[in-house]
C-alpha cells in the first residue's frame, strides 16, 4: 500500500522501511475480525450498514453508515485510485498526490481532483474545515498527534477507514489486504455487484499465473530492494504484501526477517536470481523511473555491483507506489513479476 525537514516522500519511504454531516453514523463495539466485511451479492444497497475496521493501534472497531458517503477525504492515494477505478470520483472531497505517477487510465481524472494543502498529511484544522463524512488513510494517520483518533471523528459524524494494507498485525495476502478493501468499498458505497465482479476478475488473473507456475521444478529466488540514497537500504520481508505477491508469481522471497535501513554488506549476504527494485524518482515526486532508468540506478550503486542479479540485469522495476498500493495495481505487479521470472511460461 502503505510512515523533520525531509522531503515528505522520504518520510513515507522511511515508514514503509520499518464533514458534511449528512452522511453521519454512529460507532459501535466490534468483535475481533481477521477479514473485512464480505461483499453483498446484489447491487441494492440497504442502509444502515455497519463496517468492521480498525483504529490507529489496529484494534477492531466499527462504524455504521446511514447512507453512502458523499464527502470523502483520502490520505492514501491507493484508495484514491480505487475510487476512481470504481467511478466514484464525485464522492472524493479532497485527496493527496500519488506517490509517483498515477495509473495512466485514471491519470486525467486524478489530475482534476482537489488536492489538500499539506502535500502528504493534512492538519486536523484543514480536515475540520473540509467537513468530510468519511476519511480513508493509513493506520498511523489516526493517532491523536496526526489526523486525530478514530473515536473523535466518528463522534463528529465522519466514518474512518484504515486501509488493510497499512496494518502490521494481520497476514498480508490478497484476501486480507486487497480483496477485503475492495469489498468494503463496494459495501460502503452500495456497489457490491460491481466490486464482486471486479474482485472475481482479479482472482481469475491470479489463477492463470498460478496455473502457469505450478509445475515449475525450482522457483526463482528474489529480494525486494529499496535504496534510501544515503548508503542504507531496506529489503522487504515476509511481513509485507509484496512477499505474498512474489509467491503467487512463482518466486521465492529470500528475506524472511526484518531488514530495514541496513548497509550494503547486509544486502550482499543475499544472492538472488532477481532483484525487485522499489524505485522512485528522487528528483521529481510525480514521476516514476522507467525500467531502463531503474537498471541504471542500480548499476550506479558501486557497493552492490558484485551481485549476480545486477550483473545479469535481472532487475524487476516496481515503483514505490505500486509495491505499497494495496489496491488496483497489485495484480498488474504480480503479472509483471511472473513475466520477468518465467518469460517462457508467459502468455
Set 177, 222: member being outside any helix (DSSP H, G or I), modelled with pLDDT of 95 or more and surrounded by 23 or more Cβ atoms within 10 Å (Cβ to Cβ): 222
Taking segment 180-212 and the residues there that are surrounded by fewer than 19 Cβ atoms within 10 Å (Cβ to Cβ) and within 29 Å of residue 307 (Cβ to Cβ), the one that is farthest from the chain's Cα centre (by Cα) would be 212
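Is it the case that some residue within segment 70-78 is farther than 18 Å from residue 329 by Cα, not assigned by TED's automatic domain parsing to the domain that holds residue 328 and not in a loop (DSSP other than H, G, I, E, B)?
Yes, segment 70-78 contains a residue that is farther than 18 Å from residue 329 by Cα, not assigned by TED's automatic domain parsing to the domain that holds residue 328 and not in a loop (DSSP other than H, G, I, E, B).
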Give the residues of segment 305-324 that are within 28 Å of the chain's Cα centre (by Cα) and under 13 Å from residue 267 (Cα atoms), sorted by residue number. 309, 310
Looking at this structure, is residue 33 in contact with a strand residue (DSSP E or B) (Cβ under 7 Å, 6 or more places away or on another chain) and modelled with pLDDT of 95 or more? no
Count of residues meeting criterion [closer than 16 Å to residue 76 by Cβ and surrounded by 16 or more Cβ atoms within 10 Å (Cβ to Cβ)] in segment 102-129: 10
Lone qualifier among 238, 244, 302, 306 - being within 15 Å of residue 172 (Cα to Cα) and either surrounded by fewer than 17 Cβ atoms within 10 Å (Cβ to Cβ) or assigned by TED's automatic domain parsing to the domain that holds residue 164 (or both): 238
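The values are calculated or read from the model by the stated rules, or taken from the named source; none is laboratory data. Predicted model only: the values in this text are computed from it and were never measured. Cβ coordinates were reconstructed from backbone atoms using ideal geometry, including for glycine residues, and neighbour counts include every protein chain displayed.
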